[in-house]
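The values are calculated or read from the model by the stated rules, or taken from the named source; none is laboratory data. If you're wondering where the values come from, they're calculated on a predicted model, not measured in any experiment. Here the Cβ positions follow ideal geometry from the backbone for every residue, glycine too, while neighbour counts run over all protein chains shown. For accessibility, only protein heavy atoms count, side chains too; no ligands or nucleic acids. Shrake-Rupley method; radii C 1.70, N 1.55, O 1.52, S 1.80 Å.
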Amino acid sequence: MEKKLQPVFDKVQRKNEGEPEFLQAVSELFHSLGKVYRKNEELFRDNVLERILEPERVLMFRVPWMDDSGKVQVNRGFRVEHSSALGPYKGGLRFHPSVNLSMMKFLAFEQTFKNALTALPLGGGKGGSDFDPKGKSDAEVMRFCQSFMNELFRHIGDQTDVPAGDIGVGVREIGFLFGQYKKIANRFAGALTGKGLLYGGSELRLEATGYGLIYFAAYMLARKGKSFEGKRVSISGSGNVAQFACEKAAALGARVVALSDSGGHIEDDEGIDLAKLEFVKHLKNEKRGRIFEYVERFKGSRYIAGNEIWKIPVDVAMPCATQNELDDLDAAALLENGCICIAEGANMPSTPAAISKFLDAGILFAPAKAANAGGVAVSGLEMSQNAMRASWTRHEVDARLRAIMNRIHQTCIETAEQFGVPGNYQAGANIASFRMVATAMLQQGVV
Ligand code: NDP
């Protein structure tokens, strides 16, 4: 780390003790900042760095709701409004029992820089709750969402803060949240994205993160004269991002051989084609079942419990489940088996030690803040359509998504070259996004 920046990092560590995920995200960015400091010292004036590390606002609130047996349950709700330097706060809501302040702060911090890369006018935020939708009835999920919105509504709005989905928050939850927002705010406004198509949603928002990830990886491969055609691919998770990454990779001729959930992974050497993927979508989205049920349906596939997915030999690996799901041992196994490309669909899925291994080996490594920006990019397009009271066609949104992913790819490549680390997408993404956010902050004064 650059010596001059070390005191700022030491201070942020002291101030945020007990928030390991947030500190991990900050440290990941800091490792690229030395290069910016040496070239653009002026970007660090007015204590911009310390200001960027402090969320503009952190909301934490009680969410009481009644379960189906009539018992009152209490969860904790969060919204971290990290930065409005580039636009209204924007970022998803996560419902998962592991949600805590550290996780929300890391996700909001990452979101600020990811959103900058899209070049759309979007600030960064994130929110959620330690509520677990698993095993809950639709009525329970609805009552929880309504109670959550009873507090959140006063902080969000199409010009202030625009949440969307994330882990545990899909079409069902966004529907309940939007319904309650509309009722109590008395406004039919684009205060949430990821909405249903009938009430202000955008074509392709559902697919956007997974498709965008594959577009980004395809641009990386193309730069090396390669493509997805015939490549063996493993994708962790089997939720929104994983499903549509699988769909687009298969459409481009890849053989997706593995998917997973928090219980374990399935391996299908023949490849998960579009028909098999339909089964997975129904299993996970409608039946809310477990991935091991795949092997009962498709003979010749197998299920392995635990986190063993990265031991499978593949050309391309895509972690699309959760943070820190791929560690240095996993990275070593992937490299030993000849993997040539890692593209992060989840946020911060690779540990710092795993990333070092990928960078040292010189393989293609697409960091989350660049590779999974397709979701928020189409959320930005949903906001534009809502503001114009227009709906673009699927074809039109897809063309814009491709163009945005292409531009992010170019930005990473050009910035990495300019700063003396050609081919390092992580440095390119960090440097480019930091420069945008810092510049906007400096132009807006000390606020
Ligand atoms: P979903 O809830 O749709 O799916 C999450 C998947 O990851 C499920 O298969 C789930 O398994 C698995 N998973 C979740 N938590 C864990 C865990 N602690 N350990 C192992 N597996 C886990 O979420 P999304 O697909 O929307 O999100 C996946 C990742 O992508 C997250 O990191 C999210 O932040 C990121 N992302 C999402 C975007 C979006 O548009 N949705 C945009 C950009 C990033 P199980 O069912 O067993 O819980």
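Could you please let me know if ALA416 is hydrophobic (A, V, I, L, M, F, W, C), open to solvent by 10 Å² or more (accessible area, probe 1.4 Å) and away from the ligand (no atom under 16 Å from the Cβ)? When the stated conditions are applied, ALA416 does not pass them.
Output the residue which, of all residues in segment 171-198 that are aromatic (Phe, Trp, Tyr) and open to solvent by 30 Å² or more (accessible area, probe 1.4 Å), is farthest from the chain's Cα centre (by Cα).
Looking only at segment 171-198, we keep the residues that are aromatic (Phe, Trp, Tyr), and these are 176, 178, 181, 188.
From what is left, the residues that are open to solvent by 30 Å² or more (accessible area, probe 1.4 Å) are 176, 188.
Details: PHE176: 22, PHE188: 27 Å.
Filtering first and then ranking leaves PHE188.
Checked against (1) in contact with a strand residue (DSSP E or B) (Cβ under 9 Å, 6 or more places away or on another chain); (2) at negative phi, GLU414 passes all but a single condition, namely (1).
Check segment 125-135 and report whether any residue there is within 16 Å of the ligand (Cβ to nearest atom), surrounded by fewer than 24 Cβ atoms within 10 Å (Cβ to Cβ) and free of Cβ contacts under 8 Å to residues at least 24 places away in the same chain. There is at least one residue in segment 125-135 that is within 16 Å of the ligand (Cβ to nearest atom), surrounded by fewer than 24 Cβ atoms within 10 Å (Cβ to Cβ) and free of Cβ contacts under 8 Å to residues at least 24 places away in the same chain. Filtering segment 146-182 to residues that are over 13 Å from LYS195 (Cβ atoms) and within 15 Å of the ligand (Cβ to nearest atom) leaves ASP166, ILE167, GLY168. Exactly one residue among PRO64, PRO97 is touching a residue at least 12 places away in the same chain (Cβ under 8 Å) and assigned to a loop (DSSP other than H, G, I, E, B), and that residue is PRO97. Does segment 105-119 contain any residue that is open to solvent by 40 Å² or more (accessible area, probe 1.4 Å) and either within 14 Å of GLY375 (Cα to Cα) or within 13 Å of the ligand (Cβ to nearest atom) (or both)? Taking every residue of segment 105-119 in turn, at least one turns out to be open to solvent by 40 Å² or more (accessible area, probe 1.4 Å) and either within 14 Å of GLY375 (Cα to Cα) or within 13 Å of the ligand (Cβ to nearest atom) (or both). Among the residues of segment 371-384, are any surrounded by fewer than 18 Cβ atoms within 10 Å (Cβ to Cβ), farther than 24 Å from GLU21 by Cα and either at pLDDT 95 or above or out of contact with any Lys or Arg (no Cβ under 6 Å at 6 or more places or on another chain) (or both)? There is at least one residue in segment 371-384 that is surrounded by fewer than 18 Cβ atoms within 10 Å (Cβ to Cβ), farther than 24 Å from GLU21 by Cα and either at pLDDT 95 or above or out of contact with any Lys or Arg (no Cβ under 6 Å at 6 or more places or on another chain) (or both). Just one of (1) assigned to a strand (DSSP E or B); (2) closer than 18 Å to SER379 by Cβ fails for GLY87. It is (1). Residue pairs whose Cβ atoms lie under 8 Å apart, sitting 6 or more positions apart in sequence or on different chains, and linking a residue in segment 34-52 that is closer than 19 Å to GLY124 by Cβ to a partner that is modelled with pLDDT of 95 or more and basic (Lys, Arg), are VAL36/ARG435; LEU43/ARG435; GLU50/LYS11. Would you be able to say whether some residue in segment 372-387 is touching a Gly at 6+ places or on another chain (Cβ under 6 Å), within 14 Å of the ligand (Cβ to nearest atom) and among the small types (Gly, Ala, Ser)? So far as segment 372-387 goes, yes, one or more of its residues are touching a Gly at 6+ places or on another chain (Cβ under 6 Å), within 14 Å of the ligand (Cβ to nearest atom) and among the small types (Gly, Ala, Ser).
Confirm whether PHE153 is within 24 Å of the chain's Cα centre (by Cα), over 29 Å from LYS248 (Cα atoms), open to solvent by 30 Å² or more (accessible area, probe 1.4 Å) and assigned by TED's automatic domain parsing to the domain that holds SER98. Against the criterion (within 24 Å of the chain's Cα centre (by Cα), over 29 Å from LYS248 (Cα atoms), open to solvent by 30 Å² or more (accessible area, probe 1.4 Å) and assigned by TED's automatic domain parsing to the domain that holds SER98), PHE153 qualifies.
Results for (1) more than 16 Å from ASN115 (Cα to Cα); (2) in a helix (DSSP H, G or I), shown as yes or no for each residue.
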{"position": "GLU382", "(1), (2)": "no, yes"}
{"position": "TRP392", "(1), (2)": "yes, no"}
{"position": "VAL397", "(1), (2)": "yes, yes"}
{"position": "GLN410", "(1), (2)": "no, yes"}
{"position": "ALA416", "(1), (2)": "yes, yes"}
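Restricting attention to segment 29-57, the residues that are aromatic (Phe, Trp, Tyr) and touching a Gly at 6+ places or on another chain (Cβ under 8 Å) add up to 0.
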